[in-house]
Structure formats: C-alpha cells, structure tokens
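The values are calculated or read from the model by the stated rules, or taken from the named source; none is laboratory data. On a predicted model such as this, the values are computed, not experimentally measured, just so you know. Counting neighbours? That spans all protein chains shown, and the Cβs are built from the backbone with ideal geometry, glycine included. SASA here: full protein model, heavy atoms, side chains in, ligands and nucleic acids out. Shrake-Rupley method; radii C 1.70, N 1.55, O 1.52, S 1.80 Å.
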Amino acid sequence: MIRFVLKRLAGAVLVLLALSVLVYALFYLAPGDPARLACGERCNPQQIAQVREQLGLNESVFGQYLHFLQGVFAGRDYSTGTSVTHCDAPCLGLSYQNDQQVTQLVLERLPATASLALGAMVVWLLVGVGTGLLSALRRGGITERVLTVLTLAGTGTPVFILGLLLLMAVCAYLQWLPFPSYVPFGDDPEQWAWNMLLPWLTLGFFESAKYARLTRSSTLETLAEDHIRTFRAYGVGERSVVTRHALRGAVPPVIAISAVDLGSMFGGAVLTESLFGIPGLGKTLLDGVRTIDLPVVVGVVMVMGAAVVLANVLADLLYAAADRRVVLT
C-alpha cells in the first residue's frame, strides 16, 4: 500500500506541474491587460508600465513560470513598489489586485469550501443511497416509479435553479429561514450551521440523483448474483440478505465516486458559492478569472488539482478496503 501511495503522489506532482503550465498558457492567450486592471482606469501609460514592471509582466512567459516554481519550492521576494515582501514556500504568488499572498488567501477561503463540500456529501449520501436502495428493493412497484421520476428530475435540474427554488420556497414563501449569509464556524457555530443548511441541501440534492442511480444499479446487480440466491434458498431472512450481503457489494462504487466528488467540490461548487454568497475557493477562482489575476487563478487551480488527485488516491484505498478482491499495484 505504501508503494502504491508513493507512486500516486509522484504522479500527482507531474499532474500539478502540467496543470500549472496549461493555466499559464491559457492566461497569456486570453484578452486583457492585468497591469491596466490592477492600476485602474485613470492610470496613464507611464503608470501602467510601472505597475507592469512591479508585477513582473515584462519578463518572458517562461521566466515568469520559473519564478513561480521558485516560489512554490523555495519562496521568493516581491517588490510592491515601496517595499519588498518575502513570501515563504510554498508561495503561490501575490494577487495583482491587492498584493495579498495567494497562499494566505487560499487558506482563508478553504474552510468555507470544505464545510460546504462535507455537508453536501452527507446529504447526497443519505438521500442518494437511501433512495437508490429503496428503489431497488421496490423494483416494479409504484415506489420505484415515483423515485425514478424524482431522480430524473434531479439530474436534469441545474444546481442554480434548484438553489433559487429552495430560496424562494424556504426563505421567501414559507419564511422558515432567513436568507443565508455566511458566518464563519469560529464566530458562531449555530448560525454557521443554519446559514449553511440551504447550500448543503442544494448541492446535496443535486448530486444525490447520481448516487441514487448508482446505488440502484449496483444493488440490483448484487441481488442477481448466485450467492444471494443461495442465501435465499437456505432460508436466510431478506433483511439479513440485504444488509449483510447485498449492500457489501453495492457500497464500494458509491464510496469511490463519493471520494472523487468530494475532491472536485474544492473549487467546483462555483454556482452554489456564488448563489449563496459563500466566500469559498470557487467564488475566488471566478473573481480571479474576471479580473485576470493570474496568481489567484493558478493558486486556486493548483489547490483544486491537488484535492482531486488526493481524492482519487483516497477513493482507490477505500475501494480496496471495502472490496478485498481489489489489489493495489
């Protein structure tokens, strides 16, 4: 297992390097001048040239990328015009907009995204696995048909439409909750939970449709295997067959995909974060793209890539733990 993890981590480093190169290439193909945006509309050409020099945009693309790698592995110094700022490794650069260290910015926004992703995962596992299991056990009945329709509706409904419907129903019409406003967990845990409830439900319901289909198909496939029919022929109770044997074969793919989806949520929940005003990584990435803030974009994308790669490693380990037939190589 240790050898497998080390091999995957070595591959992760190569993936992240390739990802950073791709982001740099796309950035320089995009229209717009980050120096003009950082300086403001009233700046004259001389001021814009001065800002461009401070940001290091006068260097070649290759030179800027080498300095970025230097910051990641060894740290680097940045000139802010009147002073020199040292950024310790792993340094992802300084924002073009406010000279804030991107590493610090990412660490500030990471708890909001992590709380959204983990809460939504609990919702999609409870709703998706429960719905899929019930649909498989009630195959051919009215329950399965109703759940199938709901699953298809959930799959076809965009997440921002689902979020708007929940806001209108719960906050505006029924007035069960106030409109969400993000509160950090450390400031007030109770208010944090209440304000995160609708974002959790929105993202969780949206993802649960996929898990309902996956759980249903995996459960039906497991229930059709020979050993399940043997247990039933020997008079083993249906509840024991389902809980002790059928679920054991249906759960591993759900665990594996859930770990991957959890990793993709770190930066992939842009619409949910924007809709509910959650200051997470997805919203930070969107703001960075809009203002052509290369260090912020590269930093957030690197964190997203690392989360996805680590989630894939975790998914493989969990799958192997849940299914002894899987061998890690």
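Data for the structure
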quantity: Failed criterion for Arg76 (all others in (1) over 26 Å from the mean Cα position of the chain (by Cα); (2) within 25 Å of Leu247 (Cβ to Cβ) hold); calculated: (2)
quantity: Any chance Trp192 is within 14 Å of Leu275 (Cα to Cα) and open to solvent by less than 70 Å² (accessible area, probe 1.4 Å); calculated: no
quantity: Condition check for Pro158: within 18 Å of Leu285 (Cβ to Cβ) and open to solvent by 20 Å² or more (accessible area, probe 1.4 Å); calculated: no
quantity: Of residues in region 90-108 being open to solvent by 50 Å² or more (accessible area, probe 1.4 Å) and more than 24 Å from the chain's Cα centre (by Cα), the one farthest from Thr284 (Cα to Cα); calculated: Asp99
quantity: Residue satisfying condition, being surrounded by fewer than 15 Cβ atoms within 10 Å (Cβ to Cβ) and either of a type in the set (S, T, N, Q) or not assigned by the TED database to the domain that holds Gly140 (or both), within set Thr230, Thr219; calculated: Thr230
quantity: Positions within region 306-319 being free of Cβ contacts under 8 Å to residues at least 60 places away in the same chain and either open to solvent by 40 Å² or more (accessible area, probe 1.4 Å) or of a type outside the set (Gly, Ala, Ser) (or both), in sequence order; calculated: Val308, Leu314
quantity: Residue match in region 264-273 (condition: under 13 Å from Leu116 (Cβ atoms) and either in a loop (DSSP other than H, G, I, E, B) or over 16 Å from the mean Cα position of the chain (by Cα) (or both)); calculated: yes
quantity: Residues of region 254-305 classified as open to solvent by less than 40 Å² (accessible area, probe 1.4 Å), out of contact with any Gly (no Cβ under 8 Å at 6 or more places or on another chain) and closer than 15 Å to Leu22 by Cα, total; calculated: 2
quantity: Flag for Pro199 being in contact (Cβ under 8 Å) with a residue 12 or more places away in the chain and under 25 Å from Ser258 (Cα atoms); calculated: yes
quantity: Answer residue from region 35-79, given it is farther than 27 Å from Leu22 by Cα and at pLDDT below 75 and is most open to solvent (accessible area, probe 1.4 Å) among those; calculated: Glu41
quantity: Yes/no for Gly56 being of a type in the set (Gly, Ala, Ser) and part of a helix (DSSP H, G or I); calculated: no
quantity: Residue match in region 285-308 (condition: under 14 Å from Ser115 (Cα atoms) and within 9 Å of the chain's Cα centre (by Cα)); calculated: no
quantity: Subset of region 80-89 [open to solvent by 70 Å² or more (accessible area, probe 1.4 Å) and modelled with pLDDT of 80 or more]; calculated: His86, Asp88
